[in-house]
Amino acid sequence: IHICVQSECPHCKASIVEDLRVGHAIQFPYQIDLNRGRLFGKGDPNAEAWLGKPFLTSLQHAEQTTVAIEKEVCHENKRVIVLNCIDYLYGHCLLKLLNAQRHLCQDQAYGLIVIVPALLRWLVPDGVAEIWTVHLPLRAGQRYYPCIHEFIANECKRFDAIYVSEAYAHPGDFNLSRFTRVPQHDWNTTSTCVTFIWREDRLWINRWTDNYWMTRVISKLGGYERLLWQQNRLIQNLFNRMRDDLPDAKFAVAGFGKRTRFPDWIEDGRVDQFDAETERDLCKMYAQSRLVVGVHGSNMLLPSGHAGMTIDLMPDDRWGNVVQDILYQEHDPRIAAFRYRYMPIHTPPQRLAKIASGMVLGYAQFHQTMTADQRL
């Protein structure tokens, strides 16, 4: 994750490693005194647990395992910008990658080098100078691998000038279709599809099981399959209620995990394994959806960026991260407020169904009313 500067204190000769202001280190920069094993930082104390302390641990316990790195040179350039998308969370990696569009549009005098985990290789947009694909599982993204450092250091000798992208954690100006190669929702289509984004590690169930750690405990006690079926039945309940208002609509589920079954009238687009083909097929499914509904998390990034509208179900402990899992593709704030909704995860299916159906039925008139002056 970290791109660092290492220096030596002229007085005590301490070896100091400091974050460059890249990614989350823009907001939460850390310094490490390697000799004393001490961590210094500022900002949100919560960031120390997932960013600061793992940073220190990674330097104290370097991983000596060899990591495969695949280098693709699309076109040569002696002056480059390096965009590092390595992280330990899928959403973090994807959001960093979206910075590529800014560089491709605004920094055309430089070649863009993108460093990505293998699972994001399919999302790298056309126009980059080089792609360095690191075959490293997400969970290892917090660790320090000297072999990766050595690979990058050796490759950097090829260039006359090297800049490091800020890799902003939440870029705001991008066209998602440039990355997925899948067009966004076509508002002119006459068919209506509503899709629930399925995940099996943060469930839509009830008040006491919306917590990630609670579901982990229940899983170890052997009751997790029952929770998955509860989520399944809630989704069926939601769709059945929506069918009263939307009799001609199609309904679907998409996402990761197929440990339950749905009736035939609900299209099942879930997968047990992600690869470039299945990811792109899912994006096409999202783009065909007038509305997607799902529990807050990185699973909502690609669906919200392709679908017409989104309802994000918020667990009690995730309101501090509201909006961070949604890829807004609407620049008018009034229209965006209609298209992207945030609801407590405890919202009853009957109420959620009315809100969701109202969004589908009311969008066209709402859009026409709010943009009437733009057609003069």
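The values are calculated or read from the model by the stated rules, or taken from the named source; none is laboratory data. Not measured: the values here are computed from a predicted model. When we count neighbours, we look across all protein chains shown, and the Cβ atoms used for this are built from the backbone with ideal geometry, even at glycine. What goes into the accessible areas is simple: the full protein's heavy atoms, side chains included, and nothing from ligands, DNA or RNA. Shrake-Rupley method; radii C 1.70, N 1.55, O 1.52, S 1.80 Å.
Here is the figure for region 156-202: residues that are over 30 Å from ASP107 (Cα atoms) and of a type in the set (Ser, Thr, Tyr) total 5. The number of residues in region 280-301 being in contact with a helix residue (DSSP H, G or I) (Cβ under 6 Å, 6 or more places away or on another chain), more than 15 Å from VAL194 (Cα to Cα) and open to solvent by 10 Å² or more (accessible area, probe 1.4 Å) comes to 1.
Just the residues that are in a helix (DSSP H, G or I), over 17 Å from PRO171 (Cα atoms) and either touching a residue at least 24 places away in the same chain (Cβ under 8 Å) or small (Gly, Ala, Ser) (or both), please, taken from region 307-335. ASP316, ASP317, GLY320, ARG334, ILE335, listed by residue number. Considering region 262-274, the residues that are in a loop (DSSP other than H, G, I, E, B) and in contact (Cβ under 8 Å) with a residue 12 or more places away in the chain include one that is surrounded by the most Cβ atoms within 10 Å (Cβ to Cβ), namely PHE262. Checked across region 221-244, the condition of being assigned to a strand (DSSP E or B), touching a strand residue (DSSP E or B) at 6+ places or on another chain (Cβ under 7 Å) and either modelled with pLDDT under 95 or closer than 30 Å to ARG181 by Cα (or both) holds for no residue.
Inside region 126-146, residues that are open to solvent by 20 Å² or more (accessible area, probe 1.4 Å), more than 18 Å from the chain's Cα centre (by Cα) and without any contact (Cβ under 8 Å) to a residue 60 or more places away in the chain make up a count of 2. Does MET309 satisfy being over 16 Å from the mean Cα position of the chain (by Cα), under 20 Å from ARG199 (Cβ atoms) and open to solvent by less than 10 Å² (accessible area, probe 1.4 Å)? Considered against the rule, which asks whether it is over 16 Å from the mean Cα position of the chain (by Cα), under 20 Å from ARG199 (Cβ atoms) and open to solvent by less than 10 Å² (accessible area, probe 1.4 Å), MET309 comes out as yes. MET359 versus (1) open to solvent by 50 Å² or more (accessible area, probe 1.4 Å); (2) aliphatic (A, V, I, L, M); (3) part of a helix (DSSP H, G or I): which is the lone unmet condition? Here MET359 meets the rest and fails (1).
Scanning region 34-48 for residues that are open to solvent by 80 Å² or more (accessible area, probe 1.4 Å) and in a loop (DSSP other than H, G, I, E, B) turns up ASN35, ARG36, LYS42. Selection within region 49-99: residues that are part of a helix (DSSP H, G or I) and open to solvent by 60 Å² or more (accessible area, probe 1.4 Å). The member of this set that is farthest from HIS296 (Cα to Cα) is GLN60. Among the residues of region 333-344, some residue qualifies, meaning at least one is at pLDDT 95 or above, open to solvent by 20 Å² or more (accessible area, probe 1.4 Å) and among the hydroxyl-bearing types (Ser, Thr, Tyr).
Scanning region 245-261 for residues that are part of a loop (DSSP other than H, G, I, E, B) and either under 23 Å from PRO183 (Cα atoms) or open to solvent by 20 Å² or more (accessible area, probe 1.4 Å) (or both) turns up PRO247, ASP248, ALA249, LYS258, ARG259, ARG261. The residues on offer are HIS170, HIS149, and the sole one that is open to solvent by 20 Å² or more (accessible area, probe 1.4 Å), within 22 Å of PRO29 (Cβ to Cβ), in a helix (DSSP H, G or I) and out of contact with any strand residue (DSSP E or B) (no Cβ under 9 Å at 6 or more places or on another chain) is HIS149. Selection of region 193-211 for residues being open to solvent by less than 10 Å² (accessible area, probe 1.4 Å) and either closer than 14 Å to TYR224 by Cα or at pLDDT below 90 (or both) yields LEU203, TRP204, THR209.
I'd like the residue in region 177-188 that is touching a Lys or Arg at 6+ places or on another chain (Cβ under 8 Å) and part of a loop (DSSP other than H, G, I, E, B) and, out of all such residues, is most open to solvent (accessible area, probe 1.4 Å). Full working, then the answer.
To start, the set of residues in region 177-188 that are touching a Lys or Arg at 6+ places or on another chain (Cβ under 8 Å) comprises 180-182, 185.
Checking which are part of a loop (DSSP other than H, G, I, E, B) leaves us with 181-182, 185.
Details: ARG181: 98, VAL182: 5, HIS185: 19 Å².
Only one residue fits best here, namely ARG181.
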